[in-house]
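Heads up: the structure comes next, in structure tokens.
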Amino acid sequence: MDKLNLSKHISSQFNEELEQIRNHVMSMGGLIERQLYDALAAIANSDSELAQRVIENDLKVNDWELQIDKECTRMIAKRQPAASDLRLIMAILKSIADLERIGDETRRIAKVALESFNSDQQDLLVNLDNLGRHVAQMLHDVLDAFARMDVEAALTVHKEDKKVDREYEAITRQLMTYMIEDPRSIPKIMNVLWSARSLERIGDRCKNLSEYIIFFVKGKVVRHSTHEKLEQEVRS
């Protein structure tokens, strides 16, 4: 964040407040990234204690969202920011909403893992390993891009979402085949499907975060744009 070139203000306190909010967003993002890695590690290692800790720590994620939301609302009311400062605050408000939802999806993954230990459902959850690592890398990369407000890095993350979607579709087809071959497996496979869906949604949220970076830096709303169209708009 220290590399981000923001305009200076007459009030040094205004700069300090902006910096504090940005630091809080990165702290929230760091917590959520750790949560996701821990949830995936809990699955890989059948670690019920780690899965339970992920579930409990989701309250900290919620607290961060509420605190940052209050800070942004107070700054808008008190400072009445304009231009790039207002775009930054709006990008932060949108980002923390998506980060909180990533936290929710991570909690769901941990809950499924906790329910699956000591059952043959655990073997099926291992199929999520590649997808999980891919999504975790997306989250890491988009948080890094947010720290530097790096548009090129944001575009790279945005492009990765299509790959995540293809991985999710492949896992879904595989699990559907299992259910067709053995209808008795449907209940346990559905839980794995929900976990795969949660990972796919985290990928979607990371794509959203990349769009908020572009919104702040370029001043362009690029929601619902294809990646190709988005690149054209950003580089035009």
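The values are calculated or read from the model by the stated rules, or taken from the named source; none is laboratory data. Values in this document were obtained by computation on a predicted structure and should not be read as measured data. In this analysis, Cβ positions are derived from the backbone assuming ideal geometry, glycine residues included, and neighbour counts consider all displayed protein chains.
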Go over the candidates 218, 188, 162 one by one and state the one that is touching a His at 6+ places or on another chain (Cβ under 9 Å) and in contact (Cβ under 8 Å) with a residue 12 or more places away in the chain.
162
Criterion first (in contact with a helix residue (DSSP H, G or I) (Cβ under 7 Å, 6 or more places away or on another chain), of a type outside the set (S, T, N, Q) and modelled with pLDDT under 90) does residue 219 satisfy it?
yes
Being modelled with pLDDT under 90, in a helix (DSSP H, G or I) and of a type outside the set (Lys, Arg) is the filter here, so list the residues in the stretch 60-84 that pass it.
83, 84
Take the stretch 209-236 and flag every residue that is over 19 Å from residue 161 (Cα atoms) and buried (at least 18 other Cβ atoms within 10 Å of the Cβ).
216, 217
Within the stretch 1-27, the residues that are among the small types (Gly, Ala, Ser) and either at pLDDT below 80 or assigned to a loop (DSSP other than H, G, I, E, B) (or both) are 7, 11, 12
If you go through the stretch 169-177 one residue at a time, do you hit one that is surrounded by fewer than 17 Cβ atoms within 10 Å (Cβ to Cβ) and small (Gly, Ala, Ser)?
yes
Checked the stretch 50-85 for anything farther than 13 Å from residue 22 by Cα and hydrophobic (A, V, I, L, M, F, W, C); matches are 50, 51, 54, 55, 59, 61, 66, 76, 77, 82, 83
If residue 117 satisfies every condition in (1) closer than 14 Å to residue 41 by Cβ; (2) at pLDDT 95 or above but one, which is the exception?
(2)
Restricting attention to the stretch 13-29, the residues that are closer than 15 Å to residue 67 by Cβ and touching a residue at least 24 places away in the same chain (Cβ under 8 Å) number exactly 10
Within the stretch 35-58, residues under 10 Å from residue 110 (Cα atoms) and of a type in the set (Phe, Trp, Tyr) come out as none
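Identify, from the list 68, 92, the residue that is without any contact (Cβ under 8 Å) to a residue 60 or more places away in the chain and closer than 20 Å to residue 145 by Cα.
68
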With the checklist (1) surrounded by 22 or more Cβ atoms within 10 Å (Cβ to Cβ); (2) more than 23 Å from residue 99 (Cβ to Cβ) in hand, flag the one item residue 206 doesn't pass.
(2)
Residues in the stretch 86-95: is at least one under 18 Å from residue 213 (Cβ atoms), modelled with pLDDT of 95 or more and not hydrophobic (A, V, I, L, M, F, W, C)?
yes
